[in-house]
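Engineer: Provided herewith is a single structure, encoded as structure tokens, for subsequent inquiry.
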Ligand SMILES: Cc1cc2nc3c(=O)[nH]c(=O)nc-3n(C[C@H](O)[C@H](O)[C@H](O)COP(=O)(O)OP(=O)(O)OC[C@H]3O[C@@H](n4cnc5c(N)ncnc54)[C@H](O)[C@@H]3O)c2cc1C
């Protein structure tokens, strides 16, 4: 069997290596347009920032490894330019010589990825404007940054005039994860960074309130945010530096501009071959990663996937799915019945010592789909036992089905061990777990790693209490007209309070029940929702109608539209 794989990075390389492990006799050709195969594009921003100092570290496996270990015929600087599905041939262009040869195949795998969006804006080709997709891209960025930083550089010979200054101001366009990773790395390199984003929030998959936390964190680290403003064009100033014009009429001076406007599936070859393209613009495949042509497979960022939670077709460009899909395509080509389960968008981004992570569906997606069968909780547990040094709060939002408790999505932000909580919840979603399963999950515990009730258990217990009716909850957007009861200590009132709320500290509640109405619903508030939970239980057992305001004042802070630059939430 002869298999040709187009694209030699995440999906393509994973497919090639897996296929060899399954079929010693297959003739495998992997063609890659660029100079490298199997490089770590996820590491590119960190090479710009100097965290990964050596470019060579980004090259996970080179051509020689694929040839020697896997007996794969790797051809770099080789572009697949046309497919003839009826003849089962691909035209391959040697980019060094320009020569085009025709190669036959039994099975063809497309993993061409998704190039960065590059709109035809005025001035977009000016020097100093870069994208971040390949090793050569980041080499150019590093060279640009280093231009003028070496001792005596920019000094015109003999004259003593300084003719060049090192770049110091960067504008990053696009607040997705590549844009934000570039923001962080450029700040590390000493740049004053402005982030321009067309949406009214960074990290579009996050619900707005969690994005607000990320934005506050960015501001605390000196990043200038220009949200709700699209880029209109670029100009070169008289001194050679750049100016970024935005649609609102603002101008941002820059010595370096990073374009991170998102990616678009590369469907050029697929369209030319007449393969079906889906409604979202990606290559349409079935659960075996097979395209509309039985002998052509497609994987990675170029394909549309079924969203694991909503069942909708979507475009989700992530390395894990690309690798798994490559492996599945190889399995199927080798005669196995492997199937892709769908993508739930599990992601994480590290930013200035903190991490934001998410999995599954967001509340805004459910709202967009008109799905009302869900409830959400906000919680702020410690990353590990509070008495053990170094515990940090994690801001979590967990979304679940009201009707059956099935876990639908989760978002978290914090400085410690955010990843393991979202990874656990991601696996739970994929296994179809309910919030009752989270209550029972047996997870690692010693005080430096977690709590006897891990945040994952804790989320399950809170959600379980909600669905069992032990703790009715409400949210800040629905408190109008309710009787508000604040159960915090008097000293806390000086810091923040809600106008009109009646204050009875939790310790005095049982003695002062007579002050509370029996004919109105009481919404109970504390800092994080924990003391309000205790108070709600007291009230319910004394015959009051009570609800816990989920997440308390911490949620109020992140839900309020004017939240900006506030300090990180602290758990209680
Ligand atoms: C800067 C950056 C950071 C990222 N960070 C993360 C992260 O932290 N976590 C995460 O999950 N994902 C991350 N990603 C996304 C992840 O890298 C991609 O989802 C993944 O690489 C997709 O794999 P792929 O095989 O579909 O495409 P790619 O890995 O992009 O590979 C496609 C290859 O196909 C080649 N090609 C295209 N057309 C042809 C042709 N006609 N002939 C020959 N070759 C062709 C291209 O040159 C390219 O090298 C990041 C991406 C970037 C750019």
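The values are calculated or read from the model by the stated rules, or taken from the named source; none is laboratory data. As the structure is a computational prediction, the values presented were derived from the model and not from experiment. Cβ atoms come from the backbone with ideal geometry, glycine included; neighbour counts cover every protein chain shown.
Engineer: Being within 16 Å of the chain's Cα centre (by Cα) and surrounded by 23 or more Cβ atoms within 10 Å (Cβ to Cβ) is true for just one of 302, 322, 298. Which residue is that?
Structural biologist: None of the other options fit; the residue is 322.
Engineer: Within the stretch 315-331, is there a residue that is assigned to a strand (DSSP E or B) and either in contact (Cβ under 8 Å) with a residue 12 or more places away in the chain or within 10 Å of the ligand (Cβ to nearest atom) (or both)?
Structural biologist: no
Engineer: Please find, among 326, 281, 249, 233, the residue that is at pLDDT 95 or above and farther than 29 Å from residue 122 by Cβ.
Structural biologist: 326
Engineer: Keeping to the stretch 475-487, report how many residues are without any contact (Cβ under 8 Å) to a residue 24 or more places away in the chain and in a loop (DSSP other than H, G, I, E, B).
Structural biologist: 2
Engineer: Ok, one more. Which members of the stretch 199-232 meet the condition of being within 21 Å of residue 128 (Cβ to Cβ) and buried (at least 16 other Cβ atoms within 10 Å of the Cβ)? Steps first, please.
Structural biologist: As a first pass, look at the stretch 199-232 and keep what is within 21 Å of residue 128 (Cβ to Cβ): 223-224, 226, 229-232.
Of everything in the stretch 199-232, those that are within 21 Å of residue 128 (Cβ to Cβ) and buried (at least 16 other Cβ atoms within 10 Å of the Cβ) turn out to be 223, 226, 229, 230, 231, 232.
Engineer: For the stretch 66-76: of the residues being more than 31 Å from the chain's Cα centre (by Cα) and touching a residue at least 24 places away in the same chain (Cβ under 8 Å), which is farthest from the ligand (Cβ to nearest atom)?
Structural biologist: Initially, the stretch 66-76 is screened for residues more than 31 Å from the chain's Cα centre (by Cα), giving 67-75.
If we keep only those that are touching a residue at least 24 places away in the same chain (Cβ under 8 Å) too, we end up with 70-75.
Numbers: 70: 17, 71: 20, 72: 15, 73: 14, 74: 11, 75: 9 Å.
Selected residue: 71.
Engineer: Output the number of residues of the stretch 196-210 satisfying the condition of being in a loop (DSSP other than H, G, I, E, B) and either without any contact (Cβ under 8 Å) to a residue 60 or more places away in the chain or closer than 20 Å to residue 170 by Cβ (or both).
Structural biologist: Of the residues in that region, 8 qualify.
Engineer: Can I ask one more? Quick one: in the stretch 338-356, which of the residues that are away from the ligand (no atom under 13 Å from the Cβ) and out of contact with any helix residue (DSSP H, G or I) (no Cβ under 8 Å at 6 or more places or on another chain) is farthest from residue 189 (Cα to Cα)?
Structural biologist: 342
Engineer: In the stretch 18-50, what count of residues is obtained for those that are within 23 Å of residue 93 (Cα to Cα) and either free of Cβ contacts under 8 Å to residues at least 24 places away in the same chain or part of a helix (DSSP H, G or I) (or both)?
Structural biologist: 0
Engineer: Same structure again: Which of the following residues is at pLDDT 95 or above, under 30 Å from residue 337 (Cα atoms), within 12 Å of the ligand (Cβ to nearest atom) and touching a strand residue (DSSP E or B) at 6+ places or on another chain (Cβ under 9 Å): 307, 301?
Structural biologist: Working: 307 fails: within 12 Å of the ligand (Cβ to nearest atom).
It is 301.
Engineer: Counting only residues that are near the ligand (Cβ under 8 Å from one of its atoms) and under 16 Å from residue 180 (Cα atoms), how many does the stretch 21-60 have?
Structural biologist: Of the residues in that region, 5 qualify.
Engineer: A follow-up question, please. Hey, among the residues in the stretch 129-144 that are within 16 Å of the ligand (Cβ to nearest atom) and assigned to a helix (DSSP H, G or I), which one's nearest to residue 323 (Cα to Cα)?
Structural biologist: Ranking the candidates gives 135 first.
Engineer: Let me ask something else about it. Of the residues in the stretch 211-244, how many are outside any loop (DSSP other than H, G, I, E, B) and either more than 13 Å from residue 171 (Cα to Cα) or in contact (Cβ under 8 Å) with a residue 24 or more places away in the chain (or both)? If you could, list the steps in order and put the result at the bottom.
Structural biologist: As a first pass, look at the stretch 211-244 and keep what is outside any loop (DSSP other than H, G, I, E, B): 211-220, 224-226, 231-236, 242-244.
Right, trim to either more than 13 Å from residue 171 (Cα to Cα) or in contact (Cβ under 8 Å) with a residue 24 or more places away in the chain (or both) and you get 211-220, 224-226, 231-236, 242, 244.
Matching residues across the stretch 211-244 total 21.
Engineer: OK, next. May I ask you to list the residues in the stretch 442-474 that are surrounded by fewer than 16 Cβ atoms within 10 Å (Cβ to Cβ) and assigned to a helix (DSSP H, G or I)?
Structural biologist: Matches in the stretch 442-474: 468 only.
Engineer: Now for a different question. Please find, within the stretch 1-20, the residue that is farthest from residue 350 (Cα to Cα) out of those that are buried (at least 24 other Cβ atoms within 10 Å of the Cβ) and more than 14 Å from the ligand (Cβ to nearest atom).
Structural biologist: Residue satisfying both the conditions and the ranking: 3.
Engineer: Here's a follow-up. List the residue pairs whose Cβ atoms are under 7 Å apart, where the first residue sits in the stretch 113-132 and is touching a residue at least 60 places away in the same chain (Cβ under 8 Å) and on the phi < 0 side of the Ramachandran plot, the second is away from the ligand (no atom under 16 Å from the Cβ) and part of a loop (DSSP other than H, G, I, E, B), and the two are 6 or more positions apart or on different chains.
Structural biologist: Hits for this filter: 118/124.
Engineer: Any idea which of (1) more than 28 Å from residue 303 (Cα to Cα); (2) in contact with a helix residue (DSSP H, G or I) (Cβ under 6 Å, 6 or more places away or on another chain) is the one residue 248 doesn't satisfy?
Structural biologist: Residue 248 satisfies every listed condition except (2).
Residues are listed down the side, and each one gets a yes or a no for (1) part of a strand (DSSP E or B); (2) away from the ligand (no atom under 12 Å from the Cβ); (3) touching a helix residue (DSSP H, G or I) at 6+ places or on another chain (Cβ under 7 Å); (4) farther than 17 Å from residue 108 by Cα:
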residue: 253; (1), (2), (3), (4): yes, yes, no, yes
residue: 274; (1), (2), (3), (4): no, yes, no, no
residue: 279; (1), (2), (3), (4): no, yes, no, yes
residue: 292; (1), (2), (3), (4): no, yes, no, no
